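J.: For reference, the structure I am asking about is given below.
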Amino acid sequence: ADYFSNSYKRQKSYGESPFSGTGGLEEMLFGAAGGRNAASHRAAAPVRTCNIPCSLEELYNGKTKKMKITRKSLTPDRPTEKILELPIKPGFKPGTRITFSGEGDEIEPGVAEDIVFVIREKTHDRFVREGDDLHFRIKLRIADALCGFNRDIVMLDTEPRIKRLNQKTPVSNITTKVIAGEGMPISKQPGKKGDLIITYDVEFPKEELTEDQKERVRAAFPADDDMHV
C-alpha cells in the first residue's frame, strides 16, 4: 500500500485514542463482541502506520482530512483505491492514533491490514503547545517592560479573533501571565480549554549607557535605603 508519511519535531504531549475500547472503528460499527471476533480473526494481519502532519490551527479547530490510499486486493469486488476520512477533533494531541481496520493490503481473501494514522503536530510560528496549554512569548524593549504596553495576540480560531493584552505594571524575563481558558480545546472535555501562558523577553541595552543616560535612569528610580545592606 502507498501512504503519505512525514515526521515533525517536538512531540511533547501524550497521545490519545479517538475511539474508546479496543475494537476501534469496528467496535463503534458492530458492537464490542463483533469487534473482538473480527480482531481475533485478523490477528495475523500486520498493521501499517502513517504519520499525519497537522497544523496547530487544525488541532485547535478540528478538521476532516481525506487520505487517498492504494492497496492490494485479492477479493474481486474490493477496490484497489479508496479515500479514507480522518476525523481530527479539536484538541487532539500529537501521538493520537486513528485506526481503520482491514483497509490496507489484503493478505489473503477476507484478511487485510489495519491502517493506523498517527497525528503529528507541525511547529507553529507564534505558539508553543504544552499539553492543553499554549505558550506565547513577547519581546519587549526595556522602556516598554518598565512603563507598560499594549499587545494584540492573534488566536487560532477559524474566524479572526484577537486577545488584547493591556499591561500597566512592569514585567521582567521571569514574569508569567496566565489567561485561563484561552489554550487548546480539551478533546475529552468538550467546551473546556487549557490556558494561555505569556512570558516576556526583555531586551536590555547591549552598549554602555552614557553618563547623562545613567543620571536620568537614577533620577527616575531614586535609591531605596531599605535595599542597602
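The values are calculated or read from the model by the stated rules, or taken from the named source; none is laboratory data. These figures come from a predicted structure and were not determined experimentally. A quick note on method: Cβ atoms are made from the backbone with ideal geometry, for glycine too, and the neighbour counts reach across all protein chains shown. Please note that ligands, DNA and RNA were not included when accessible areas were found on the heavy atoms of the full protein model with its side chains. Shrake-Rupley method; radii C 1.70, N 1.55, O 1.52, S 1.80 Å.
J.: Normalised radius of gyration for the range 30-179, please: alpha carbon Rg relative to 2.2 N^0.38 Å, two decimal places.
T.: Normalised Rg, Cα atoms only: 1.57.
J.: Extending each Cα 7 Å along its Cβ direction at K66 and R218, get the distance between those two points in nm, one decimal.
T.: Calculated label separation equals 7.2 nm.
J.: Once you have the Kirkwood Rh of the range 104-229 from its Cα pairs, apply Stokes-Einstein at 4 °C and 1.567 mPa s and quote D in µm²/s.
T.: Calculated translational D: 68 µm²/s.
J.: Taking the alpha-carbon distance from K139 and a cut-off under 16 Å, which aspartates and glutamates remain once sequence neighbours fewer than 8 residues away in the same chain are dropped?
T.: Leaving aside aspartates and glutamates fewer than 8 places away in the same chain, those within reach of K139 are D125, D152, D201, E203.
J.: Which one, L165, P222, T175, projects farthest toward the positive side of the charge dipole computed for the range 160-229 from Cβ point charges (K/R +1, D/E -1)?
T.: L165
J.: Sticking with this one: So which lysines can K192 reach, going by Cα to Cα under 26 Å and dropping same-chain residues fewer than 8 places off?
T.: Answer for K192, where 26 Å is the Cα cut-off: K12, K63, K65, K89, K93, K122, K163, K177, listed by chain and number.
J.: Hey, another quick one. Please work out how much accessible surface K163 shows to a 1.4 Å probe, ignoring ligands, DNA and RNA, in Å² rounded to 10.
T.: Counting only protein heavy atoms, K163 exposes about 60 Å² to solvent.
J.: Can you tell me the dipole magnitude for the range 110-197 around its Cα centre, using point charges on the Cβ only (Lys, Arg +1; Asp, Glu -1), in Debye to the nearest 20?
T.: 540 debye
J.: Using 7 Å Cα-to-Cβ label points, what is the R126/E207 separation (nm, one decimal)?
T.: 3.4 nm
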